[in-house]
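Taken together, the values in this text are just the output of simple stated rules run on the coordinates, not laboratory data. The model shown is predicted, which means the values in this text are computed figures rather than measured ones. Here the Cβ positions follow ideal geometry from the backbone for every residue, glycine too, while neighbour counts run over all protein chains shown.
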Amino acid sequence: MSVAPRVIHRLRGFTLWQPLEVRNFRLLWLGESVSLLGDQFHFVALTWLVLRLTGSGLALGTVLMVAAIPRAIFMLVGGAMSDWLSPRMLMLVSNAARAVLVTIITGLVLFEAIQLWHLYVMALLFGLADAFFHPAFMRIVPALVSKERLEAGNALVRGTAKLSVLVGPAPAGLLISAVGIVAAFGIDAASFVFATFALWLMKGISRHSPSPQEDGMVATESAQKNDLLASIREGLRYAWSDPAIRVVLLIIAAIDFAFVGPFNVGLASLADHRFVGGAAAFGMMLSMWGGGTLLGTLVAGSIGQPRHRGRLLLGVTGALGAGLSLIGIVPNVALACVVIGGMGIGSGFVNVVMLAWLQTRTDPKMMGRVMSLVMLASLGLAPLSFAIAGALVDLHATLMFAVAGMIVLVTAAWSTTNPSVRTID
């Protein structure tokens with residue numbers, strides 16, 4: 001027995017680890033785990049590169065906004081295509097494309113030829129590749145593991161993402177401080193190459209739910225008869241006709257609009273202007289977020305399906321709003337890390353719980369399109385969020401965090417009046 005099967009055998013009996021018994025899921029998890037770790041080096045490096053070139057929070061916000069625009073515009077297209085074609089093949093092509101893009105950035109930084117407009121172009125192309133990767137990734141997980149192991153599979157995937165946020169940013173910040181930005185970009189490029197190879201090794205995928213054929217043939221009779229736009233409209237009608245799915249998507253959109261810009265742009269600004277430590281302080285705060293979300297994710301994957309999931313969603317939403325407001329007034333990075341870690345625990349737990357609920361509630365034929373709507377709700381307003389946060393953070397960071405927190409708190413209060421959310425069990 002080789003090393004990997006021996007390890008998996010010893011882990012049997014632990015619900016969280018059971019999806020790793022499936023070879024293709026194991027390859028998916030391993031490749032994307034390495035890629036996600038590389039992403040943390042990329043994010044810290046990109047943030048610090050923009051600030052080094054411009055010194056402006058607005059410039060950082062607009063670079064992130066440029067990546068978010070094609071990601072949002074083409075997300076529904078990516079979701080429809082993942083229902084038509086092989087999600088594995090979409091992920092493989094997307095990873096290979098991003099490997100090339102990051103390699104180009106690395107070369108430009110290495111030869112000191114990088115300019116701000118280069119980052120805008122790369123961000124645009126990166127966002128386009130993301131739009132096809134993310135729906136395919138969310139589509140393939142329930143196709144690789146059984147329904148009984150779905151919560152554990154999601155917990156492993158999302159938990160690894162949170163682990164990468166825990167262990168990645170602090171070393172990335174230290175590496176940038178000690179060696180330079182080019183090394184961090186180089187690590188990310190290598191991680192995409194590794195992830196592409198892992199996807200290439202996945203063969204003969206056995207699915208536990210109706211899914212596209214691996215050779216890229218059309219998945220369903222509906223997809224065969226309808227064109228791309230009709231397929232997207234079908235997905236929109238399906239999600240909107242389900243009251244619970246509809247409200248959950250609206251909650252996700254409101255939270256992420258208030259969260260993504262202020263959190264990403266705001267923390268970088270606090271590290272650069274208010275707190276001591278610079279890039280290392282920024283990496284530390286991101287690591288605390290990763291540690292909290294990892295803990296919440298692992299707990300969710302270990303205990304199975306909790307009761308009253310709708311009420312849990314509302315409670316965590318309110319806590320996130322309060323936490324966002326607190327970040328704007330804490331006097332030092334240590335207290336900021338405490339608040340961020342607590343927010344991360346609640347976010348990690350509820351994300352796994354609600355994602356598993358959405359995947360089990362959704363018709364398998366519509367899975368890619370509904371998952372793309374989840375991603376669109378999460379990322380669709382990100383361009384506007386980044387732009388507003390980038391403008392406000394240069395004026396008054398505390399006010400920006402206060403407004404963002406209030407938006408989330410109001411969303412939580414409004415949602416408590418909706419029975420479709422309260423009755424989710």
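Could you put 47, 362 in order, starting from the residue whose Cβ has the fewest other Cβ atoms within 10 Å? Write down the numbers at each step before the final one.
Values: 47 28, 362 23.
Exposure proxy ranking, most exposed first: 362, 47.
Which order do 345, 105 fall in if you start with the one that has the fewest other Cβ atoms within 10 Å?
The fewest-first ordering by Cβ neighbours comes to 345, 105.
Subtract the Cα-Cα distance of residue 417 and residue 391 from 0.36 nm times their separation in residues, and report this length gain in nm to one decimal.
Numbers: separation 26, 0.36 × 26 = 9.36 nm, distance 3.34 nm.
Stretched out fully, the residue 417 to residue 391 stretch lengthens by 6.0 nm.
Just from the alpha-carbon atoms, what are the Rg and Dmax of the chain in angstroms?
For the chain, the Cα radius of gyration and maximum Cα-Cα distance read 20.6, 61 Å.
Which of 130, 227, 272 has the fewest other C-beta atoms within 10 Å, and how do the rest follow up to the most?
On the way: 130 22, 227 10, 272 19.
Ranking 130, 227, 272 by Cβ neighbours within 10 Å, fewest first, gives 227, 272, 130.
Whole angstrom only: what separates the Cα centroid of the range 247-262 from the Cα centroid of the range 104-175?
Rounded to whole Å, the Cα centres lie 20 Å apart.
What distance in nm separates the simple spin-label points at residue 335 and residue 53, each placed 7 Å from Cα in the Cβ direction?
Reported label-point gap for residue 335 and residue 53 is 3.6 nm.
Compute the longest continuous run of the chain that contains no exposed chymotrypsin sites (Phe, Trp or Tyr not before Pro); treat a site as exposed when its DSSP state is not H, G, I, E or B and it has at most 15 other Cβ atoms within 10 Å. The partial results should precede the final answer.
On the way: sites that count: 14, 111.
Longest site-free region, per DSSP loop and neighbour criteria: 112-425.
Sticking with the crude label model, points 7 Å out along Cα→Cβ, report the distance from residue 197 to residue 118 in nm, one decimal please.
Here the modelled spin labels are 2.7 nm apart.
In whole Hz, with x marking every Gly and Pro, tabulate ³J(HN,Hα) for the range 29-41 from phi via Karplus 6.51 cos²θ - 1.76 cosθ + 1.60, θ = phi - 60°.
5, 5, x, 6, 5, 5, 5, 5, 5, x, 4, 5, 5
What 222 nm value per residue comes from the helices of the chain, counting each DSSP H run with n ≥ 4 as -39,500 (n - 2.57) and dividing by all residues, nearest 500 deg cm²/dmol?
Numbers: 19 runs with 342 residues, N = 425.
Result for the chain, helices only: -27000 deg cm²/dmol.
Give, in whole angstrom and from largest to smallest, the semi-axes √(5λ) of the equivalent ellipsoid of the range 68-143, with λ running over the eigenvalues of the Cα gyration tensor. Walk me through the intermediate numbers first.
Working: eigenvalues 152, 34, 10 Å².
Ellipsoid half-lengths, sorted descending, are 28, 13, 7 Å.
For residue 100 and residue 307 in one chain, what is 0.36 nm times their gap in residues minus the Cα-Cα distance, to one decimal in nm? If you can, show how the numbers build up before the last one.
Details: separation 207, 0.36 × 207 = 74.52 nm, distance 4.51 nm.
Fully extending the segment from residue 100 to residue 307 adds 70.0 nm.
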